[in-house]
Amino acid sequence: MLSEPCGSSLLLSLPYDILAIVSWSLSPRDLCNLSLCCRSLCALMATEKVWLTRCEMMGILSHRDLIEWRKGVSSYKALCRFLICVEPLIGIWVHQNPELGNVVYVMPGFISVVGCRIIPQELGPLGIEDGPILWAPVFEVVGNSDGSATFFLHGRDKGQDFFYPGSVKPVERACNVLLLEVETTQQENEDELLHSKSFAPLSDKDLRKVCRSNSGISRSQMVLGQNEVKVPFSRLGFCDRRKLLHVVTTQVRQKVPEWANGPLFPQLRDDEENFQKDLVLLLERRSLLMHMYRHGGCQIDWKASPELSTDPSQMELSLIRKSLDHPSGSCISHSDDDSHTQCTKRKGLGGYFRDSLKHILGKSSSTNGSDAISKNGSSSSENKHAQLHEFLRSDDTIRLALHAANVKLSSYRAWPNMHESRFALYKLPMRVPTADHDYAGLWGGTFGWPPGRPSTDKPGKALFFLLLSYEESQGQRNLIATKILEGTHYVLHPNGSAMFIVNIDEPSLDPFPFETDADSLPVNVKHAFIGEGIANGYGFRYPGSKPGSLFVFQNGLLAFIWKESRAILTLQRLNLQELLKKGERVPPLPPIANFSYLTKSYSNVFAGFPNNSTCLSSPRFPQCNDIRTSHLQQNMP
């Protein structure tokens, strides 16, 4: 009599389709642990269908897209590894500056995710759905054949587009902050140590490992103790972080070749022939991009230097004393788009690179110390910031890195309170519409009626992006419309402010003032709620509010009307991924500002970036900030 299957034999005896269904209830970690039980289960868990099912469960890509992405990786297991890594990155990321709005939407590309900045703009004559949305690339996270991730920052310098390759730090599942950092790492094999093609014209002496001088650090300092903790980049002072990012991006950058200027993601599937052409171009582009990463340069060996002295520790002390007692009069420009030369004299690129790093090592303690003195009244900043040599001494090389972290952040009316001195983007929580929260999500629109139609006297209307969310306060449910993008030439409403707040439990009795819509059809109002809309208050930063009503129409549109001025803001729900696939790509900013624009500004800096900038923005040095002091013309409703 045959015995019934049990244990692993029971799993092995299941039909293939049933096993795929069972795998739905198992996490990727469970599947990997199950493969360790025995050889038979190992072979079973390595089958393509099991991991294809896992990829489908994540809901990032359709089944057809998964099949296309599989052509660029070794297996569906590798594809699942990449999707798990990048899933927390997908969504809307913002920054406070500039006040018009800084919206970066991370969406699937092709075996990648792409960070796209939506440019503040006016609505064209074709409306939101049919008119091209302007956007600029910020970064890409590209998957390798084994499912590991690679980071490419986008940027522009003197009319030339560049890639800035780097690494992706482990992504936290509940990440809410995206940081641009420099990380230290152990030197790889010398044959594999990558160098920037920007140094091709230099001499062999200057090319030697694209090194940074460590003449100010002793040999004993370069060896970490067994119990010593590695200093994170975030513990450095703002000036040190800014300078390190400036130096690394300058050295690892690679010109964007002709073939890389193609699409970053496929178009909509409306035109299948063009869609397939895009896939061919994207697959080829990705292969060449990974080749550039492996052979083009992403690391800098900072310890190897032809100028090492016999006693480096003494030179370190002398440099520090000199910088503390006699601050250097030469000013190194830290703009991304300047000529990267010292103000006192011109030097070769190799010489500048070594001298600029000496400048960093010599000035870090004094510069960051002055920050601490000015803010805390302390004579030293050691208790607040780590010294640069402490950050550098642990490893041999440094490189650019993308760090997706979860940090404790407070918020006000769904808008996070942001750190002024972090090169970071902040994630906005996207609420899925439910029966109780059916208006939650991203909406876009313009002022005026009918919606989406520029009038003859105003051919272009400012496009607004609002994030609608719910909040319970004092026993009532409020719907908050947070402004995240404003398409005016000069900002009227603070970034992150509530354009209107309505009590969805209190109906409005005010009639809608228009009888027909854009197609001359009767307007059918489904619901109306009482609320308050933004208005002039105590200056730009502290707007007031005036009563109004929110109207919900049968066709899904929303309209908020200020009762006194009769101004009307009409909104429709947006699908950013589809809009970007039909959009128009524009050049990015210089790399650091392209990732996180820290300068306080009230105009559209993304529409045209000046080439005569003299310094990177700093929240601690107002003279570097592009602050408009003229009176704001707030044409509030």
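So the values come out like this:
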{"item": "Surface accessible to a 1.4 Å probe, D436 within the full protein complex, Å²", "result": "100"}
{"item": "Accessible area (Å², 1.4 Å probe, nearest 10) - H489", "result": "140"}
{"item": "List R585, R253, ordered by accessible area with a 1.4 Å probe, largest first", "result": "R585, R253"}
{"item": "FRET E, pair L521, D270, Förster distance 35 Å, beta-carbon r, rounded to 0.05", "result": "0.85"}
{"item": "Around L279: net Lys/Arg minus Asp/Glu count, Cβ-Cβ under 15 Å", "result": "0"}
{"item": "Charge dipole of region 467-517 about the Cα centre (unit charges at C-beta), most positive-ward option of M499, Q476, F514", "result": "M499"}
{"item": "Alpha carbon Rg of region 416-502, scaled by the compact-globule rule 2.2 N^0.38 Å", "result": "1.28"}
{"item": "Given K255/K600; K158/K384; K230/K483; K277/K461, the pairs whose alpha carbons are separated by over 32 Å", "result": "K158/K384; K230/K483; K277/K461"}
{"item": "Charge tally in the Cβ shell below 14 Å around D436, where Lys, Arg are +1 and Asp, Glu are -1, D436 excluded", "result": "-2"}
{"item": "Solvent exposure, largest accessible area first (probe 1.4 Å, DNA, RNA and ligands not counted), of Y412, Y76, Y490, Y426", "result": "Y412, Y490, Y76, Y426"}
{"item": "Surface/4 of the Cα convex hull for region 19-106, nm²", "result": "7.3"}
{"item": "Length-normalised contact order for region 70-177 - Cα pairs under 8 Å, 6+ apart - percent", "result": "24"}
{"item": "Charge tally in the Cβ shell below 13 Å around L425, where Lys, Arg are +1 and Asp, Glu are -1, L425 excluded", "result": "+2"}
{"item": "Dipole magnitude of region 516-579 about its Cα centre (Cβ charges: Lys, Arg +1; Asp, Glu -1), debye to nearest 20", "result": "240"}
{"item": "Gain in span if fully extended, C42 to R413, counting 0.36 nm per residue against the direct Cα distance", "result": "128.6 nm"}
{"item": "With DNA, RNA and ligands ignored, accessible area of I119 (1.4 Å probe; Å², nearest 10)", "result": "10"}
{"item": "Amide H within-cut-off set for A535, under 5 Å, with H built and near neighbours excluded", "result": "G544, S545, K546"}
{"item": "Relative contact order (%) - criterion: Cα under 8 Å, at least six apart; region: region 450-567", "result": "17"}
{"item": "Rg to Rh quotient for region 488-559, alpha carbon positions, Kirkwood Rh", "result": "1.05"}
{"item": "Rounded Å value of the spacing that divides the Cα centres of region 160-189 and region 31-70", "result": "27"}
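The values are calculated or read from the model by the stated rules, or taken from the named source; none is laboratory data. Here the structure is a predicted model, which means the values were calculated and not measured. Methodologically, a virtual Cβ is constructed for each residue, glycine included, from the backbone with ideal geometry; neighbour enumeration extends over all protein chains shown. SASA here: full protein model, heavy atoms, side chains in, ligands and nucleic acids out. Shrake-Rupley method; radii C 1.70, N 1.55, O 1.52, S 1.80 Å.
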